[in-house]
Structure formats: structure tokens, C-alpha cells
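Heads up, the thing below is written out as C-alpha cells.
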Amino acid sequence: MQLLTILVPAFNEEKNLPVLKSRLDPVIEELRNYSVDTEVILLDNCSTDGTSAYGKKVCGESKEWKYVRYSRNFGYHGSLACGFDLAQGDALIVLASDLQEPPELIPKMVQLWQQGYDVAFGILNIRNDDSIIKTIGAKIFYPIFSLMSDTAFPRYATDFRIVSRRVIDSVKEMREVDRYLRGLVHWSGFRQISFTYDREKREQGESAGIRYSTGWAINAIVCFSKKPLRAMAIFGLLMTMISVVLSIYFLIIRFFPPDFMPIPPTGTTALAMMILFMIGINSLFLGIIGEYVGRIYSQTKMRPLYIIDEAINIKPSTLIGSGRSAPG
């Protein structure tokens, strides 16, 4: 029998988890037809509702379920880093606890894995969960990300995917503090295939807002591209060339003013506009540089990616060394 690990990251999902379990139980039973056993790891990102109580309850009822609670909220990607570290399976699936990804597709994903694919990732066909603004934002982000990224990534891919053991082990070696999971999985390579699905509406609670999505998009670009820095250098070179040309132009018309050349703008208005423009550009560039420098600063601290406060149905040996920000 092969073992499949299902990671369920959760934050204040008390109302959604019973529904998820009711839909996941028949899927787990069906997987036995494919000679697959399962372990379900509930990753509680320091919830403040009844998520903890429910997690402990299901762990007491079934050894297939495992529960981890962190010392504080380490974010979605920090939580998944813990899940990858603890996973004992021959393959792993990330399943959203809000039920926006249908658990009923898991057997199909397992079949793709058993056919020899190391990664089978979902691509959204219909986004039933998003507002118009988020949908438009996604249509803008993915082409920009594909253009700027140093690695080719499929558009509209999600974290709903199955990955093989060797991909799990590869991702475990990547200890970046600022993480973008689907980017790390695609970057690892191996044999990959996609499948399409429709994202369902969230059962309970609210999805992440525009502010979170914007931060997520910026993090994805910075994590996988140096092109913003290169664009700054190219723009700086271009501005220098334009300044040289304009300087020559102004000198010529100052000392040898021909009749057919326009008179350059004079007065403080034009000067103020130029100064404000350059201040704005410099501030933008400093902000971009700051994003990269800030990530270097965070990485050099070598802090753990997560700290576990409580674990149920998990072997103590798998917890040793968990959360380190760098392998050792």
C-alpha cells in the first residue's frame, strides 16, 4: 500500500472542517481501491475559534488524522512548510479547508501520480469565489508574473496539487523565509501535468481581501525574479542617455540658437516638475531595492519557519529539527 499525505491548512475554520471531513471520508475510502492509505494533517495556524477542539476530537476518533498547532500564526506558507516537513506519505496533496477545492478530485490526482507524474497541479477554469476586482487582478498578475519570472510558470495554477516524494524532499530543502509554494514546486522540475477544475464558493467565512492578494502577488514576483532590479538599471541608463542628449540640445540652443528649433521651457514650473518626477522615480526604485534587501535581512536571521506548540498522532521523531530556517 502507498501512503498519501493530505495537508489541510486552517485558520478559524471551525464551521468548515466538519463539512470537509464529511466529504473527505468517502474519498479516503475510495482511495483504498487504488491501494492507497492516507494520513490527514490538520495544520492549525493558531486559530482562535473551535478549530483546535475539533482537530483534537477527530484525532481521537481516527489515527488517520493528525493535528499540529503553532505557537503563533506563521502564515499560510509557513504552515505548509511544516506540513511538508511532517509528511510521511509517498505523495502529498494540499487541500484548502474552506472547500474551495473539491476533495472529490483527489482520486483523479492520485491516478495521475500513479501514472508516473511527479506533479499534477490544478488550473482554474471558473473562479466562483472571487470578486470582480480580484478576478481582474488575477488576469493582470499572471501575464506580468510570466513575463517577469526567471522560470516558466503555468498561468492560473493553484496550490491544489499532488506532488511525489522526491518533490516533497526537494521542497523541504528550500528554506526561504519568504516563500511561494507553487513557485517552489514548479521550480523543482520533474515530470508535471495539469488538470482544470472549477473553484467552488467558500462554505463559511471570508476569503482573503485585496490587500492580502496584492502582498501575495508582490511576494511571488520578488521571490522568483531579478528583472525588477534589471529594469531599474536599464531605466537609469536610459535616463542618463536622455539627460546627455537634452544637455547637448540646451547648450546648442543657448549659445547657437537656430530659428527652426523650439525655445526650451523656462521658469520654476518646469524645474519643479522634473525634480518631483525624479524624486518619485528614486523613491520607487528604493522601494524595489528595499523589498530584496529586506528578504536578505530576514533570511540571514536564520529564524525557524514555524514553531510547533502542540502535536497529536505525530511521531516525536518527525518533530526533531522541524522549523529550522536553514538545513543542517
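The values are calculated or read from the model by the stated rules, or taken from the named source; none is laboratory data. Keep in mind the model is a prediction, meaning the values are calculated, not measured. Note: ideal-geometry Cβ built from the backbone for every residue, glycine included; neighbour counts use all protein chains shown.
Within the stretch 153-176, can you find the residues that are in a strand (DSSP E or B) and over 19 Å from residue 4 (Cβ atoms)?
Taking the stretch 153-176 and keeping what is in a strand (DSSP E or B), we get 157-164.
Within the stretch 153-176, just 157 meets the criteria.
Which of the residues that make up the stretch 6-38 are surrounded by fewer than 21 Cβ atoms within 10 Å (Cβ to Cβ) and of a type in the set (Asp, Glu)?
14, 25, 29, 30, 37
Among the residues of the stretch 246-264, is any assigned to a loop (DSSP other than H, G, I, E, B), outside the structural domain of residue 286 (by TED's automatic domain parsing), at pLDDT below 75 and exposed (fewer than 15 other Cβ atoms within 10 Å of the Cβ)? Write out each step before concluding.
Restricting attention to the stretch 246-264, the residues satisfying the condition of being assigned to a loop (DSSP other than H, G, I, E, B) are 256-264.
Now narrow it down to the ones that are outside the structural domain of residue 286 (by TED's automatic domain parsing): none.
Checking the stretch 246-264: not a single residue is assigned to a loop (DSSP other than H, G, I, E, B), outside the structural domain of residue 286 (by TED's automatic domain parsing), at pLDDT below 75 and exposed (fewer than 15 other Cβ atoms within 10 Å of the Cβ).
Looking at 199, 191, which is the one that is in contact with a strand residue (DSSP E or B) (Cβ under 6 Å, 6 or more places away or on another chain), at pLDDT 75 or above and closer than 30 Å to residue 114 by Cβ?
Working: 191 fails: in contact with a strand residue (DSSP E or B) (Cβ under 6 Å, 6 or more places away or on another chain).
The match here is 199.
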